[in-house]
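As structure tokens, the structure follows; a few thoughts come after it.
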Amino acid sequence: MDKITLVKSSQLTSPNPVTVVCTQKPDGSTNLATVSWWTYLSFNPNMVAYAMSKRSYSGEMVRQNKKVILTVPGAEIAPAVLGCGCTSGRDTDKASKFNVELTDVPGSDIKIPLHSRVAIVCHLKEYHEVGDHYLYICDVEQVYGNEQEQALFAWNGYSEIRPAK
Ligand SMILES: Cc1cc2nc3c(=O)[nH]c(=O)nc-3n(C[C@H](O)[C@H](O)[C@H](O)COP(=O)(O)O)c2cc1C
């Protein structure tokens, strides 16, 4: 085997499942950010985690509100998912910029993309500094699914977003 970097390793392990992290902005609108560093943690109790750059606006919002919805986006919004991973909610309304149709989730004031295969409604339990990222550890409150939507994956690191099939 060749000695490689961890960045190269993340490319060799692609495709990686992609989520769109949905948080609420102070004006009540929803911010969308693309995240592939996420994982299930526990089924009893239900818990998930994801890592986001310390600079991300989504991180600021979840640390403030303690609420977040992780969605697995459907194939129809692939270009928008790439766009949501290249812009910040700090200065952009990503849902309107990338024409992402949003829908309500029962019991939550955060909206999600209509084209979602899965939505995991979470409460932030704790977060930890991990190098240049924060690791957000979440309790899962509700989970919704739509098998008609085809899940998206990130290929070659972050460079391409498409289904795995
Ligand atoms: C396919 C893809 C996957 C990404 N995965 C992550 C990730 O796991 N963690 C992260 O911090 N940023 C990730 N990003 C970059 C963020 O989406 C990007 O920094 C975004 O601008 C953050 O938006 P925000 O400032 O509105 O939170 C990814 C981008 C793409 C295109």
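Going through T30, T39 one at a time, which residue ends up being buried (at least 16 other Cβ atoms within 10 Å of the Cβ) and within 22 Å of I112 (Cα to Cα)?
Working: T39 fails: buried (at least 16 other Cβ atoms within 10 Å of the Cβ).
Just a single option satisfies the conditions, and that option is T30.
Being part of a loop (DSSP other than H, G, I, E, B) and within 12 Å of the ligand (Cβ to nearest atom) is the filter here; which residues of the stretch 44-55 pass it?
K54, R55
Tally time: how many residues in the stretch 13-43 are near the ligand (Cβ under 9 Å from one of its atoms), not in a strand (DSSP E or B) and not hydrophobic (A, V, I, L, M, F, W, C)?
The number of residues fulfilling the criteria is 1.
Among the residues of the stretch 107-126, which ones are over 16 Å from the mean Cα position of the chain (by Cα) and outside any loop (DSSP other than H, G, I, E, B)? Step through it out loud before you land on a result.
The first filter runs over the stretch 107-126 and keeps only residues over 16 Å from the mean Cα position of the chain (by Cα), leaving 107-109, 125-126.
Hits for the stretch 107-126 are K125, E126.
Out of the stretch 56-106, which residues are assigned to a loop (DSSP other than H, G, I, E, B), more than 14 Å from the ligand (Cβ to nearest atom) and charged (D, E, K, R)? Talk me through it step by step, then tell me what you get.
To start, the set of residues in the stretch 56-106 that are assigned to a loop (DSSP other than H, G, I, E, B) comprises 56, 66, 85-93, 98-101, 104-106.
If we keep only those that are more than 14 Å from the ligand (Cβ to nearest atom) as well, we get 66, 99, 101, 104-106.
Passing the criteria: K66, E101, D104.
What's the total number of residues in the stretch 131-165 that are surrounded by fewer than 14 Cβ atoms within 10 Å (Cβ to Cβ), assigned to a strand (DSSP E or B) and either within 15 Å of the ligand (Cβ to nearest atom) or in contact (Cβ under 8 Å) with a residue 60 or more places away in the chain (or both)?
Selection size over the stretch 131-165: 2.
What are the residue pairs meeting all of these: first residue in the stretch 117-129, first residue within 15 Å of V21 (Cα to Cα), second residue surrounded by fewer than 19 Cβ atoms within 10 Å (Cβ to Cβ) and of a type in the set (D, E), Cβ atoms under 7 Å, and 6 or more apart or on different chains?
Between residues of the stretch 117-129 that are within 15 Å of V21 (Cα to Cα) and residues that are surrounded by fewer than 19 Cβ atoms within 10 Å (Cβ to Cβ) and of a type in the set (D, E), the close pairs are V121/E141; C122/D139; C122/E141; H123/D139; H123/E141.
Are there any pairs with C-beta distances below 9 angstrom linking a residue in the stretch 38-53 that is under 13 Å from K125 (Cα atoms) to a residue that is part of a strand (DSSP E or B) and among the small types (G, A, S), with the two at least 6 apart or on different chains, and if so which?
L41/A49; V48/S42
Assuming V81 fulfils every condition listed in (1) closer than 14 Å to Y144 by Cα; (2) of a type outside the set (S, T, Y); (3) in contact (Cβ under 8 Å) with a residue 40 or more places away in the chain apart from one, which condition is it?
(1)
Is at least one residue of the stretch 112-123 touching a Gly at 6+ places or on another chain (Cβ under 7 Å), among the hydroxyl-bearing types (S, T, Y) and buried (at least 16 other Cβ atoms within 10 Å of the Cβ)?
Scanning the stretch 112-123 turns up at least one residue that is touching a Gly at 6+ places or on another chain (Cβ under 7 Å), among the hydroxyl-bearing types (S, T, Y) and buried (at least 16 other Cβ atoms within 10 Å of the Cβ).
Values in this text are rule-based calculations from the coordinates and carry no lab data. These numbers were taken from a predicted model, which means no experiment stands behind them. Note that we place each Cβ from the backbone using ideal geometry, even for glycine, and neighbour counts take in every protein chain shown.
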